[in-house]
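The values are calculated or read from the model by the stated rules, or taken from the named source; none is laboratory data. Treat the numbers as computed from the prediction; the structure is a model and nothing was measured. Ideal geometry is used to build each Cβ from the backbone, glycine not excepted, and the neighbour counts take in all protein chains shown.
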Amino acid sequence: MAGIKSLAKDTAIYGLSSIIGRFLNWCLVPLYTRMFPSAEYGLVTFIYSIVALALIILTYGMETGFFRFANHERYKDPMEVYSTSLISLAVSSTAFMALVLAVLGPVSEAMHCAGNETYVVMMALTVAIDAFCCLPFSYLRFRKRPMRFALLRLVNIGLNIGLNLFFILICPWLWTQAPGWIAWFYDPDFGIGYIFLANLVSSAVTMLLLLPELRGFSWKFNPRLWREMIAYSAPLLVLGIAGIMNSTLYSILFPELYPDKAEAMSQLGIYGANIKIAIVMVMFIQAFRFAYEPFIFAKAKDRGDDRMQSYRDAMKYFVIFAMVIFLGVMFYLDILRLFIAESYFSGLKVVPIVMIAEFFFGIFFNLSLWYKLTDKTVWGMWFSLLGLAVTVALNVLLVPRFGYMGCAWASFACYGTMMLVSYLAGLVKFPIGYQVSRIVFYFVSAIALWFFAELIAFGHRPWLNMIIRTPLLLGYILMAMRIEHIRLSDMLPRRR
């Protein structure tokens, strides 16, 4: 239980930075949806989907590879693993930037940025910086320094948000009042380009703040170690590519699949804005992931059933907290929807589908420990490729007929399939003994409560709905605490 409490504490710290940061970023959505037409916001969604894919490719599984080999019995010096990984990412990120500049024209056209090549250059440089910085952040997790990790993340996000507000709100006002003050750097026609510029500046500042993590050790490259890390991480790269494409492919394919090409970017913008509401589930999964990877590799050194029980408990409590988050978002959706402009409300029906899809992905991530601990990461690659096949097939079949609802159901089916096949394979390859009946009970109970709340909803009276739904949410939490024999005092820090 001590291990689970440590995991919960680290998840809370990582989660605090993630939740606060994502919430603040979330607050930019009403700004974007009110300041830019849905077609322009659709282009932002499209570009960030490409960026997410590029970032996965440029990190090529080195984060997980670092944790594996820093804890490896054959490599006693974690700093050698760290240094080798850093040099590898530095070289690949530099090569990526040079390649983008060499073929800037065709790349810009493919990204619907012809005439706006500056957008592509800024985001390529941002990706190169972020890919390199993923290792110093992983090093902070390895050293169990969640506070510094969280602080740097919050600085990055705070600066990004501050620059967005400056460029998108303050500068246009100054342009009308005193244009001479900002004419030397501000162009009112640059539009959404300032979103990308803010991202670039915040990433560059973060890299500077990470300089202490890049000093104090001997920079050396171990070719043998690097080859082993690449062999271990290569399937994770395919897994990551397939995984990110499962979550972002909709925005890449949508402009080509949607029947009305003139309306495609606008519809994509509506879908992209609404799935931001479901980002609370993504934040929780990300926070859990930051704490979980170091946890499982450290636990792998233990023997006996204790480590298996830790894995079982981690899965169970993940499901409980994830379902609380699902109910919280769905019960208070009448309030949360105010974060987007009213013209985007038509897409709210995708929120529960996307949230459950992300929950399935969280389960899949929990299940991934068996092939990571046994160095059989190729299994993760096959699971993700299967999910990618489902994503592509269903997007092609459903988007022309149902629009962005087809994207939501494709995501649901993709992650559900990955979760199921990973669980079935794990039963044979690395049986852990999850409490499946209890996990299913928590999931079904939450879905049943949500349906019940929808049945007794009072139309356009959100405050009355919340008065009724809040006891339902508290009842679910108290039920889980009672079943798991959790007392409130157990959740509070003990005095020494």
Exercise for review: Would you be able to tell me the number of residues in segment 413-437 that are assigned to a helix (DSSP H, G or I), within 15 Å of TYR311 (Cα to Cα) and in contact with a helix residue (DSSP H, G or I) (Cβ under 8 Å, 6 or more places away or on another chain)?
Suggested key: 2
Check your understanding: Taking LEU53, is it assigned to a helix (DSSP H, G or I), modelled with pLDDT under 80, of a type outside the set (Phe, Trp, Tyr) and within 27 Å of ILE161 (Cα to Cα)?
Key -> no
Practice item. Take segment 50-62 and flag every residue that is crowded, with 23+ Cβ neighbours inside 10 Å and of a type outside the set (A, V, I, L, M, F, W, C). Key: THR59, GLY61
Practice item. Would you check which residues across segment 401-437 are surrounded by fewer than 16 Cβ atoms within 10 Å (Cβ to Cβ) and more than 23 Å from ALA389 (Cβ to Cβ) and list them? Key: PRO431, GLY433, GLN435, VAL436, SER437
**Study point:** Positions within segment 401-414 being over 16 Å from ILE275 (Cα atoms) and either out of contact with any Gly (no Cβ under 8 Å at 6 or more places or on another chain) or among the aromatic types (Phe, Trp, Tyr) (or both), in sequence order
**Key:** ARG401, PHE402, ALA413
Review point. Does at least one position in segment 103-114 carry a residue that is crowded, with 18+ Cβ neighbours inside 10 Å and within 24 Å of the chain's Cα centre (by Cα)?
Key: yes
Check your understanding: Tell me, which residue of segment 115-129 that is in contact (Cβ under 8 Å) with a residue 60 or more places away in the chain and over 18 Å from LEU58 (Cβ atoms) is nearest to the chain's Cα centre (by Cα)?
Key -> TYR119
Revision key, fill the gap. Filtering segment 257-280 down to residues that are within 11 Å of VAL29 (Cβ to Cβ) and without any contact (Cβ under 8 Å) to a residue 40 or more places away in the chain yields none
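Within segment 391-403, can you find the residues that are assigned to a helix (DSSP H, G or I) and in contact (Cβ under 8 Å) with a residue 60 or more places away in the chain?
Selection gives THR391, VAL392, ASN395, VAL396, VAL399, PRO400.
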Exercise for review: Could you please let me know if LYS301 is of a type in the set (Lys, Arg) and either at pLDDT 75 or above or farther than 27 Å from GLY65 by Cα (or both)?
Suggested key: no
Point to revise | Which numbered condition MET466 fails, given (1) hydrophobic (A, V, I, L, M, F, W, C); (2) without any contact (Cβ under 8 Å) to a residue 40 or more places away in the chain; (3) assigned to a helix (DSSP H, G or I) | key: (2)
Check your understanding: Pick from ILE252, ILE230: which is surrounded by fewer than 19 Cβ atoms within 10 Å (Cβ to Cβ), farther than 28 Å from CYS113 by Cα and in contact (Cβ under 8 Å) with a residue 24 or more places away in the chain?
Key -> ILE230
Check your understanding: Pick from segment 233-249 the residues that are among the polar types (S, T, N, Q) and under 25 Å from VAL399 (Cα atoms): which of them is surrounded by the most Cβ atoms within 10 Å (Cβ to Cβ)?
Key -> ASN246
Review point. Looking only at helices (runs of 4 or more DSSP H) that fall completely inside segment 116-209, which ones have 2 or more residues that are among the aromatic types (Phe, Trp, Tyr), crowded, with 21+ Cβ neighbours inside 10 Å and in contact with a Ser or Thr (Cβ under 9 Å, 6 or more places away or on another chain)?
Key: 117-142
Practice item. Among the candidates SER88, SER38, SER93, SER83, single out the residue that is touching a Lys or Arg at 6+ places or on another chain (Cβ under 6 Å), buried (at least 19 other Cβ atoms within 10 Å of the Cβ) and touching a residue at least 24 places away in the same chain (Cβ under 8 Å). Key: SER83
Check your understanding: Within segment 64-80, how many residues are at pLDDT below 85, surrounded by fewer than 19 Cβ atoms within 10 Å (Cβ to Cβ) and assigned to a helix (DSSP H, G or I)?
Key -> 1
